[in-house]
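J.: One structure coming up, written as structure tokens, with questions to follow.
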Amino acid sequence: MLVSLNWLKSYVDLGDLSPKEFERRMIAAGNAIEETKSLADEVQRVVVGRILQMERHPNSDHLWICQVDVGDETIQIVTGAQNMKEGDLVPTALDQSLLPGGVKIKKGKLRGENSNGMMCSGEELGVPKEVYPSNADRGLLILSGEHAPGEDIRPILGLDDTIFDFEILANRPDCLSVVGLAHEAAAAAGGRSRAPAIAVKGSGGNIRERVKIRVEDAKLCPRYAARVVRNIKIEPSPLWMRLRLNACGIRPINNIVDITNYVMLELGQPMHAFDLQSVRGAEIIVRRARKGESIRTLDGKDRELTENMLVIADAEGATGLAGVMGGEGSEITEGTKEVLFESACFQGASIRQTGRALGLRTEAQGRFERGVNPEITLLALERAVQLVEELHAGEVVDGLIDLYPNPVKIEPVEAKISYLQTLMGIAVPPSEMKAILETLQIQTTIKGESLLCLPPVHRQDLRIAADIAEEILRLYGYDKIPTTLMRGETKAGGEGRTLARAAELRALLLGMGALESVTFAFIAPRWYDLLCLPADAPERLSARLQNPLGEEYSVMRTTLVPSILQVLGLNMSRSVEEMLTFELGSQYLPKSLPLGEELPEQRPALCIGLYGEKADFYRLKGIVEAIFERFGVKNPAWKRSGKSYLHPGRGAVAARGKLELATLGEVHPGVQENFRLSKRAYVAEIDLTNLDLCAEALGSVKGAPRFPAVERDMALVVGEEVLVGDLIASIEKAGGALLEQAKLFDIYRGAPVPEGSKSVAISITLRAPDRTLTEQEINQAVEKCLHAAKERFGAVLRA
């Protein structure tokens, strides 16, 4: 933000402090300054000159020879300007003078006639015509008013100033104003700051008889205030106002517009002025834009609006973009006779989204984005109409409208003194803390071992004890923090559970010959269609990105399966004969839709893809079981999978109780075709969170068995509907303590097995830890297993 030192001095006492020392103190207090520009250093030996006599140059038809009174002498100057006359006062550069841009003026001769200086135009002095209206496009700058010849030109044209370019932090919107920086300057330089005295006289009438105002969305517009001025006189602003605006980078336009810009710079409150005659129905409505609504803004462009945008409307339609730019229809013109001044507080996020959507960027928009203090809204409004009265620009109608349903309450901040001292790294005495805070207008009370701090109305950024510590330290001096060596001890870092698990899985799968794949976490919604997921499938409930790279990357994936199928399809298309790959990633599961403030649950998962000559369901199941074994997941229950992307007879789910650990199987032929897979493919997805929950500790270590084991094979004929896993579980339970293991080694269909049945061959291992089993014990155990299979599943021992 550009700030004039001369303007700043009108609100803070800086004494004899030089600009350089002022800059040093402000930076030391935490107020960054990007650039300092001394206008006085750029203009040297330029004074007021009065043209006493003019005569034509004898050797030129366009040059004039002028006798110019510069105070202590009269000098001759030759000029080509044509817009002056005898008696005019003009800026005159003397011999050995300096102009902006490093231009040096020396005496010399022009076509044989002596010229002992130069009479200057506004452009040569860096003064635009908007600041000094008598500054012609081509010609000299003619001074208005009475000035003594020889008087330094710099104070007259505001060239005795120093301009600071402050870098304002995002948490300090109060410093986006001259008064706010004056408060900072008073604390940094030891002076006293003051706000402008505001008093409005009024001229009768009643504002409520001239306009009605209502706010339909108080969340996006917490406060809206307005006053009306009648009998407007549109004319240039006074020189002092034009100089201040120009110094801060704002182009003067006319008195009414300049007042709104002046108040914005002075107090930090963006304002807007409406031509009240153009407000249809004499009604102002603050609302969201309607579907299909459009507006032509002050830059002459038509803008299509959306329902998320906040607008200022009249009885017939939108007339301005709230906090961004006014509409062309309510612009102040030469014919304006009655003006409504608006001072409001708009939600920063809404203003930012509107500006970005429409490709607009304005000074007011930037301030609202950072946060405008609703407590200064009314103050700024009163200041604006006060300036109207002071400049005789119109008559202020009595009364005001101030819609502020939920006033902001300033809460005190309590901070323990010991905490502040620890956080700052230096034991600043409590009495000195109090003194420092009070220079910042923070009312402070020492209450036992704590400070009770009440921030001023303009410091809404002070909310916690750490904020108080920062305020104390930046004024106490960062340079006073004692220098110390690093304390503590260096410890070897360790991996957290998530990284350690990922590293272990990666090592296990790479050891099996797998390749790791890495894909984007955002996918296209159409991929769920390619998986043939039902319309009500939970996987379809995805979080949508607000600013996606494109439709192909517009939602956060809820499953890794389509990503791994894309990898398999890509490699098949490039004639890779076989592949085993995996991806360690996350599923993004929304807690609610549409998304609120809560982010989706980021659930870690492992997806494995497989195809090739050696690929089949059992190889994939073996990989999954190896992972279970590595992580201590014992005896998971297997059942058929109902996932739509898996082959209906070749898919399975592994679970422990109600927790699903993994889904795996052969890819459904329809899905295979959708993803352009030219071969049979197999895919598994493991929920790593549930894997951790079901993992068991190693437990006690058993010694090697001392007695021999006995193996028996049995072929059981059961119905096709019987699950082998359930059959084995029943046999294991029946076998009791003597049954060490039961495993499947063959399934047969065909003669002589009846149609609709299958022969399941199971090998059981029997062993006792303290003796060699007798034939009777072995036969009894086998009989128990066969009886259990027969009772539950109707199993018949195959001859």
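The values are calculated or read from the model by the stated rules, or taken from the named source; none is laboratory data. Everything quoted here is computed from the prediction, not taken from an experiment. Cβ atoms come from the backbone with ideal geometry, glycine included; neighbour counts cover every protein chain shown. Side chains included, ligands, DNA and RNA excluded: accessible areas come from the protein's heavy atoms. Shrake-Rupley method; radii C 1.70, N 1.55, O 1.52, S 1.80 Å.
Conditions (1) crowded, with 21+ Cβ neighbours inside 10 Å; (2) under 42 Å from the mean Cα position of the chain (by Cα), marked per residue:
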residue	(1), (2)
K639	no, no
K658	no, yes
P669	no, no
V683	yes, yes
K702	no, no
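J.: Separate question: Are any of the residues in the range 92-113 among the acidic types (D, E) and within 22 Å of R56 (Cα to Cα)?
T.: Checking the range 92-113: at least one residue is among the acidic types (D, E) and within 22 Å of R56 (Cα to Cα).
J.: Mind telling me which of the residues V131, V90, V178, V70 ends up being touching a Leu at 6+ places or on another chain (Cβ under 7 Å), touching a residue at least 40 places away in the same chain (Cβ under 8 Å) and within 30 Å of Q460 (Cβ to Cβ)?
T.: Going through V131, V90, V178, V70 in turn, the sole match is V178.
Per-residue answers, yes or no, for (1) closer than 22 Å to Q566 by Cα; (2) touching a residue at least 60 places away in the same chain (Cβ under 8 Å):
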{"site": "A626", "(1), (2)": "no, yes"}
{"site": "K634", "(1), (2)": "no, yes"}
{"site": "S644", "(1), (2)": "yes, yes"}
{"site": "E660", "(1), (2)": "no, no"}
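J.: Got at least one residue in the range 668-677 being in contact with a His (Cβ under 7 Å, 6 or more places away or on another chain) and touching a residue at least 24 places away in the same chain (Cβ under 8 Å)?
T.: Yes, that holds for at least one residue.
J.: Filter the range 1-43 for residues that are open to solvent by 70 Å² or more (accessible area, probe 1.4 Å) and part of a helix (DSSP H, G or I) and give the result.
T.: K9, K20, R24, R25, I27, D41
J.: Report yes if some residue within the range 617-631 is buried (at least 18 other Cβ atoms within 10 Å of the Cβ) and part of a strand (DSSP E or B); otherwise report no.
T.: no
J.: Further, regarding this structure: Looking at A781, A768, A684, which one is in contact (Cβ under 8 Å) with a residue 24 or more places away in the chain, within 28 Å of L620 (Cβ to Cβ) and among the small types (G, A, S)?
T.: Being in contact (Cβ under 8 Å) with a residue 24 or more places away in the chain, within 28 Å of L620 (Cβ to Cβ) and among the small types (G, A, S) holds for just one of A781, A768, A684, which is A684.
J.: Here's another thing I want to ask about it. For R712, state whether it is surrounded by fewer than 19 Cβ atoms within 10 Å (Cβ to Cβ) and touching a strand residue (DSSP E or B) at 6+ places or on another chain (Cβ under 8 Å).
T.: The answer is yes for R712.
J.: Please identify the pairs in which a residue from the range 490-509 that is farther than 12 Å from L606 by Cβ has its Cβ atom under 9 Å from the Cβ atom of a residue that is open to solvent by 80 Å² or more (accessible area, probe 1.4 Å) and not aromatic (F, W, Y), counting only partners at least 6 apart or on another chain.
T.: The qualifying pairs are A503/E495.
J.: Would you mind finding the one in L560, L580, L565, L593 that is out of contact with any Lys or Arg (no Cβ under 7 Å at 6 or more places or on another chain) and surrounded by fewer than 18 Cβ atoms within 10 Å (Cβ to Cβ)?
T.: Unique residue meeting the criteria: L593.
J.: Considering P270, P236, which residue is surrounded by 14 or more Cβ atoms within 10 Å (Cβ to Cβ), within 21 Å of Q365 (Cβ to Cβ) and of a type outside the set (A, V, I, L, M, F, W, C)?
T.: P270
J.: When the range 758-785 is examined, which residues are found to be surrounded by fewer than 17 Cβ atoms within 10 Å (Cβ to Cβ) and either closer than 18 Å to G725 by Cα or within 60 Å of the chain's Cα centre (by Cα) (or both)?
T.: A761, S763, T765
J.: Now for a separate question. Name the residue, out of G735, G703, that is touching a residue at least 40 places away in the same chain (Cβ under 8 Å) and either of a type outside the set (D, E) or not assigned by TED's automatic domain parsing to the domain that holds G585 (or both).
T.: Unique residue meeting the criteria: G735.
J.: Now for a separate question. Does any residue of the range 128-136 turn out to be of a type in the set (S, T, Y), within 30 Å of E184 (Cα to Cα) and touching a helix residue (DSSP H, G or I) at 6+ places or on another chain (Cβ under 7 Å)?
T.: Among the residues of the range 128-136, not one is of a type in the set (S, T, Y), within 30 Å of E184 (Cα to Cα) and touching a helix residue (DSSP H, G or I) at 6+ places or on another chain (Cβ under 7 Å), which makes the answer no.
J.: In addition: Among residues belonging to the range 189-204 that are open to solvent by less than 50 Å² (accessible area, probe 1.4 Å) and over 38 Å from the mean Cα position of the chain (by Cα), point out the one that is nearest to P374 (Cα to Cα).
T.: V200
Here's the yes/no breakdown for (1) open to solvent by 60 Å² or more (accessible area, probe 1.4 Å); (2) in contact with a strand residue (DSSP E or B) (Cβ under 9 Å, 6 or more places away or on another chain); (3) at pLDDT below 95:
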site	(1), (2), (3)
K291	yes, no, yes
G300	no, no, yes
E304	yes, yes, yes
T319	no, yes, yes
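J.: Residues in the range 149-159: is at least one touching a His at 6+ places or on another chain (Cβ under 9 Å), of a type in the set (A, V, I, L, M, F, W, C) and open to solvent by less than 70 Å² (accessible area, probe 1.4 Å)?
T.: yes
J.: While we're here: Among the residues that make up the range 496-504, is at least one of them surrounded by 14 or more Cβ atoms within 10 Å (Cβ to Cβ) and touching a strand residue (DSSP E or B) at 6+ places or on another chain (Cβ under 6 Å)?
T.: Looking for residues that are surrounded by 14 or more Cβ atoms within 10 Å (Cβ to Cβ) and touching a strand residue (DSSP E or B) at 6+ places or on another chain (Cβ under 6 Å), one finds at least one in the range 496-504, hence yes.
J.: Let me ask you something else. Yes or no: E395 outside the structural domain of I232 (by TED's automatic domain parsing), acidic (D, E), over 24 Å from F346 (Cα atoms) and open to solvent by 10 Å² or more (accessible area, probe 1.4 Å)?
T.: Taking the combined requirement at face value, the residue does not satisfy it.
J.: Just to verify a result, which residue in the range 505-521, among those that are open to solvent by 70 Å² or more (accessible area, probe 1.4 Å) and assigned to a loop (DSSP other than H, G, I, E, B), is farthest from R619 (Cα to Cα)?
T.: Filtering first and then ranking leaves F520.
J.: Another one. Return a yes/no flag: does the range 605-615 have any residue that is over 13 Å from A681 (Cα atoms), without any contact (Cβ under 8 Å) to a residue 24 or more places away in the chain and open to solvent by less than 50 Å² (accessible area, probe 1.4 Å).
T.: Scanning the range 605-615 turns up no residue that is over 13 Å from A681 (Cα atoms), without any contact (Cβ under 8 Å) to a residue 24 or more places away in the chain and open to solvent by less than 50 Å² (accessible area, probe 1.4 Å).
J.: Working carefully through the options Y588, Y618, Y611, find the one that is assigned by TED's automatic domain parsing to the domain that holds L530, among the aromatic types (F, W, Y) and farther than 29 Å from A695 by Cβ.
T.: After applying the criteria, what remains is Y611.
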